[in-house]
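Inspection log for the structure reproduced underneath, given as structure tokens.
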Amino acid sequence: PHTSCLCRAVLMRAPQRITASLLGAAVRASAWQLLDRNCWPDFAHHYAACCHEEFPVDPDCFDEERTFNKCCRCVAKPPRNTSAGDVPPTGLGLKLSRHFFGPLLCDGPSLKARPEDFMVSTQTGETRLLRVFIYDLHRRFNGDILNRLQLGGWLSGSECDYGLTLCTEEKWNSFFSVFRQFATEVIVLLKFLAAPPGVLTANPDDADLFVVPYFAKTDCAESGNAGRDPCWGKCKCATAIKYLFQDLPHYNWRTRGRHMFLATGDFKDLPVEIQAQPLLISLGASFCGGHFVVPSPSVDAVLQPGVGFEARENEGRAPERHIFIFWFGSNDKEWRNKVIGQVLKYRDSNPPRPVLVHEIGGNYETRDVWQTDANSPKLVLEEMYRSVFCPIIQGDVPHQKRLFDAILTGCIPVVVAFSSHADGEVSWWLPGGPPVHRMVPYFEEIDYRSFVVEVPQHVVEQGR
């Protein structure tokens, strides 16, 4: 329980800074291009074929210009310079970053970190830095999975990476645009790797917390085929989980409660081995005190604090919110159908302010999953920024990224208040669903009900 309190203290500080502290998007985007476009421009060979240490390397992969270190790993070099007030990563953090993320982040984590991000209070009332041991796991658990998935993203036409840098896609790109909402596990690991001196330790005996750098949800999405055919339910196609626990020498019944697993997908769709762990981060819903719900990543530049939309607000350049209700999503579920049906009926009544509905269709067999007239992610964010109300209605799972997009664009979220499976509690997902405090991040510290409109279930049923 004490470890859970320490983790909560760190994770509570993280959300205000994770999205705000991504650095050097344009610079590190060039590293993403290096991954395949510069090394294998004709794509006869690529990362998946040439960079895995477990397999014999095809001699045609490399030549004098294209070396293994250049195309697959980080060539050692001094750490990047930091701006005033920033704390550079430690030698251990830099070494692990290059190992986990090479050849993409060779000059260190793409996040800022501050000592106060890692300050915790002990049982005796002492305030000190959290001590963290990060396993030096084989790249099959992190870098290889991530780079194969990014390879699939490039093939689908995306210009963005998987949560490493600020980037908004110019258009929707098959499954990769879906997968990017699961990249929080990458960002949280980067946050730990960017920790200031005194946090990371190479001595497990000194550690308060053990971080396991296995990207569980990314493994589910990548599924051994660059994300072309993901396995959703219970992650049956995960390629690395079966090797994981044999590579955790400090994991046992005494320490398992201090091992943090990174699994930022819907809880029920994670590998069962991960679901069984007492300390993990996911997108929810949570089921015990050591399960922390975190938000989807917001890596769009316009959503970052102090710039983008917020800068427009501060400078008096914010546009009028002329769209009364905005919806972008599928309309294939019972409660979505009820709510959006009423929204469409209102739209057709010639209301004084416009109602904008972008429906999404898709064919998963052909991977054409973005059949919509809103063909640009940038367009969706701009329209949300000009809207008053944004319904957040019954998704496939309790978690919905649109909740956080609505909050960050200033569009008031509207939810249906169902009776939860817990007596006297409300769920924002379905009748009998998990209570709100188990669905959303940091419910005890964020007063969601001060800015979310709750519509009782019976009001929706009555068509009002």
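The figures follow:
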item: Sorted peptide list for 145-158, 242-255, criterion being average Cβ within 10 angstrom, highest first; result: 145-158, 242-255
item: Simple label model, 7 Å out from Cα along Cβ direction - Asp229 to Ser349, nm; result: 4.9
item: Segments 170-183, 413-426 sorted - mean Cβ within 10 Å per residue, highest first; result: 170-183, 413-426
item: Ordering of 430-438, 263-271, 50-58 by packing [mean C-beta count within 10 Å, highest first]; result: 263-271, 430-438, 50-58
item: Cβ-Cβ FRET estimate between Val453 and Thr366, R0 fixed at 35 Å, reported to 0.05; result: 0.40
item: Calculated FRET value between His52 and Val307, using beta carbons and R₀ = 30 Å, to 0.05; result: 0.20
item: Backbone HN-Hα couplings from phi across the stretch 242-257 [Karplus 6.51/-1.76/1.60, Hz, Gly and Pro as x]; result: 5, 9, 5, 6, 6, 9, 10, x, 9, 8, 7, 5, 7, 9, 4, x
item: Net lengthening on full extension, Arg317/Glu334 (0.36 nm per residue, minus Cα-Cα); result: 2.2 nm
item: Within the accessible area of the stretch 408-464 (1.4 Å probe), percent carbon and sulfur; result: 51
item: The stretch 279-347 and the stretch 153-222: distance between their alpha carbon centers, rounded to Å; result: 21
item: Cα-derived Rg to Rh of the chain, Kirkwood definition; result: 0.96
item: Å² per residue, accessible surface of the chain at 1.4 Å; result: 42
item: Residue-averaged 222 nm ellipticity for the chain, from DSSP H runs of 4+ at -39500 (n - 2.57), nearest 500; result: -7500 deg cm²/dmol
item: Antiparallel DSSP beta bridges within the chain, percent to nearest 5; result: 25
item: Label-to-label distance, nm, for residues given as Leu248 and Lys171 (7 Å Cα→Cβ offset); result: 4.2
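The values are calculated or read from the model by the stated rules, or taken from the named source; none is laboratory data. Please read these numbers as outputs of a predicted model, since none were measured by experiment. Every residue, glycine among them, receives a Cβ derived from its backbone with ideal geometry; neighbour counts consider all protein chains shown. To get the accessible areas, we keep the full protein, side chains included, count just its heavy atoms, and leave off ligands, DNA and RNA. Shrake-Rupley method; radii C 1.70, N 1.55, O 1.52, S 1.80 Å.
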